[in-house]
Amino acid sequence: MTKQKFVVKLSLDDAKKRTKALKTAVTMDGVVSAALDGDKLVVIGDGTDSVTMTTLLRKKLGYADLISVASAEEKKEEKKVHPLIHPYQYTYSYPYTYQDSFYGHHKF
């Protein structure tokens, strides 16, 4: 089975309802993760029935509305690695230093 991600909008007035919503979600078979995002419950499950979960949440909390159901397969974007290209740097080496030109090649 493929993983599904579904979002259920809930009426979460207090901490007791939030706790009850999370407990209800994680006790269902196939639930991989559940998280609260404001007044929405985001559930990722493998073989979990979203309609059954919404009905169960509605019975326990009074209000539950299924907003979206989508595939939870993570799309792996292959990042192309571009080699770091340095422009050709021109270097000029001086044949002699300033001191050599000032004093000549004589050592004092």
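The values are calculated or read from the model by the stated rules, or taken from the named source; none is laboratory data. Everything numeric here is computed off the predicted structure, so don't read it as measured data. In this analysis, Cβ positions are derived from the backbone assuming ideal geometry, glycine residues included, and neighbour counts consider all displayed protein chains. SASA here: full protein model, heavy atoms, side chains in, ligands and nucleic acids out. Shrake-Rupley method; radii C 1.70, N 1.55, O 1.52, S 1.80 Å.
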* **Leu12, sole failed condition from (1) open to solvent by 50 Å² or more (accessible area, probe 1.4 Å); (2) in a loop (DSSP other than H, G, I, E, B)** => (1)
* **Pairs, first closer than 12 Å to Arg18 by Cα in segment 28-42, second part of a loop (DSSP other than H, G, I, E, B) and among the small types (Gly, Ala, Ser), C-beta under 9 Å, six or more apart** => Asp39/Ser11
